[in-house]
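The values are calculated or read from the model by the stated rules, or taken from the named source; none is laboratory data. No experiment lies behind these values; they were computed from the predicted model shown. All Cβ positions, even for glycine, are placed from backbone atoms using ideal geometry, and neighbour counts span all protein chains on display. Accessible surface is based on the protein model in full, side chains and every heavy atom, while ligands, DNA and RNA are left aside. Shrake-Rupley method; radii C 1.70, N 1.55, O 1.52, S 1.80 Å.
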Amino acid sequence: MKIVLVSRLDEADALRYTASLARELEEMGHEVALEEGTAEHLGEGGIPFEEIAGDLVVVVGGDGSVLLTVHQMKKQIPVLGINWGEVGFLADLEPDEAGAFFADHMDGFRVESRMRVSLAVNGRPLGDALNEGLVVTDRPAKMLRFGVYVDGTPAERFRADGLLVSTPTGSTAYAMSAGGPIVDPQIEGFLLVPLAPYMLSSRPHLISTHRALEITLETEKPAHLVIDGQSTFELAKESTLTVKKSEQPALFAHTGKPFFEKVNHKLRNL
């Protein structure tokens, strides 16, 4: 296989582990390359995120490192996360499990597809999110007013500190912390979770990807859209956010660990 390695750059131990893993994979007979930033920190040559190609991208880091990698790849190829973070919900393997995984999957692996959401504001495409798009004011303690339209029909109007437009994958991230449900990633839908809504009746919504979803921002206050914590865009007054299912889902190497086993282990300590 042709494998590209990406490491978090703020942890010397993670970089050392990545260099060791590269040698181990080469000894197994795999063709190994390093992402440009990772290679620079290891004193070698590498390839930019935008030009990554091959059979598999191995990310040594936490969820942020995985999100950054997915966000910056122009064409999605399968990703395998090796957890070098806190929870690492998108990173299926622990460092001491990687060797056995590659030994058992020399000829290939199953690929799991995860939907992403495509976000546009006032008709201008801004990018795709694997976890969520966050609309939030840039002034603390200031509320925003939102309108939600499904197939052109008003479905909800509310005031809140912000709004999360999450994927099922993102339901175990910020959306869960904000009171949203845990959603099976095999379900395809848009999860809307208000942040600190003014009215108790403002509840999370799970909306089918087959429906047309628009969210209006009805406020004079300055606000921003943040995509997966990676890109930030300023929103004009009375902006309309269009939410669609992305044409390019994220792809993950399947490690055999069931989703709800990960939920119990990483979130409930069962």
Fill in the blank from the handout: To the nearest Å², the heavy-atom accessible area per residue of the stretch 6-145 with 1.4 Å probe amounts to 46
Practice task
On the protein heavy atoms, probe 1.4 angstrom, tell me the percent of accessible surface of the stretch 26-149 carried by carbon and sulfur.
Solution key: 46
Handout entry: Cα-projected label distance for Thr209 with Ala12, points at 7 Å along beta-carbon direction, nm
Key = 4.4
Exercise for the section: Answer rounded, prolate or oblate for the stretch 107-223, using the Cα gyration tensor with square roots of eigenvalues a ≥ b ≥ c: rounded when a/c is under 1.5, else prolate when a/b is larger than b/c, else oblate. Expected result: prolate
Fill in the blank from the handout: For Ser113 and Lys75, extending 7 Å from Cα along the Cα-Cβ vector and measuring point to point gives, in nm, a value of 1.7
Handout entry: Neighbour-limited loop hits for trypsin sites (Lys or Arg not before Pro), the stretch 99-175 (at most 16 other Cβ within 10 Å; DSSP other than H, G, I, E, B)
Key = Arg110, Lys142
Handout entry: For the stretch 178-229 versus the stretch 1-37, the gap between their alpha-carbon centres in whole angstrom
Key = 37
Fill in the blank from the handout: Applying the gyration tensor rule to the Cα atoms of the stretch 1-96 (axes a ≥ b ≥ c; rounded if a/c under 1.5, else prolate if a/b exceeds b/c, else oblate), the class is rounded
Exercise for the section: Identify the residues of the stretch 140-183 with backbone N under 13 Å of a label point that sits 7 angstrom from the Cα of Thr216 along the Cα-to-Cβ direction, or state none. Expected result: 145-150, 152-158
Completion exercise
Extension length gain for Lys244 and Lys142 (0.36 nm per residue less Cα distance), in nm, is 33.9 nm
Exercise for the section: State the Cα centre-to-centre distance between the stretch 39-89 and the stretch 234-253 in whole Å. Expected result: 21
Practice task
On each of the three principal axes of the Cα atoms of the stretch 81-160, give max minus min coordinate, whole Å, ordered largest first.
Solution key: 53, 32, 22
Handout entry: Extension gain, Ala100 back to Ser231 (0.36 nm per residue minus Cα-Cα distance, nm)
Key = 43.6 nm
Practice task
Just subtract the alpha-carbon distance of Tyr198 and Glu86 from 0.36 nm times their residue separation and send over the number in nm, one decimal.
Solution key: 37.1 nm
Exercise for the section: Could you calculate the FRET efficiency of Ile187 with Asn122 from 1/(1 + (r/R0)^6), where r is the beta carbon distance between them and R0 is 30 Å, rounded to 0.05? Expected result: 0.55
Exercise for the section: Just list whichever of Lys2/Lys257; Lys74/Lys257; Lys74/Lys221; Lys75/Lys237; Lys2/Lys244 have alpha carbons separated by over 30 Å in the model shown. Expected result: Lys74/Lys221; Lys75/Lys237; Lys2/Lys244
Exercise for the section: May I ask you to work out the translational diffusion coefficient for the stretch 197-270 at 10 °C, viscosity 1.306 mPa s, via Stokes-Einstein with Rh from the Kirkwood sum over Cα pairs, reported in whole µm²/s? Expected result: 96
Exercise for the section: Return an integer: the convex hull volume of the alpha-carbon atoms of the chain, in Å³ per residue. Expected result: 134
Fill in the blank from the handout: For the stretch 82-127, the Cα-Cα pair-distance distribution in 5 Å bins from 0, as whole percents, is 5, 15, 14, 17, 14, 11, 9, 8, 5, 2
Handout entry: Beta bridge orientation in the chain: antiparallel %, DSSP, nearest 5
Key = 75
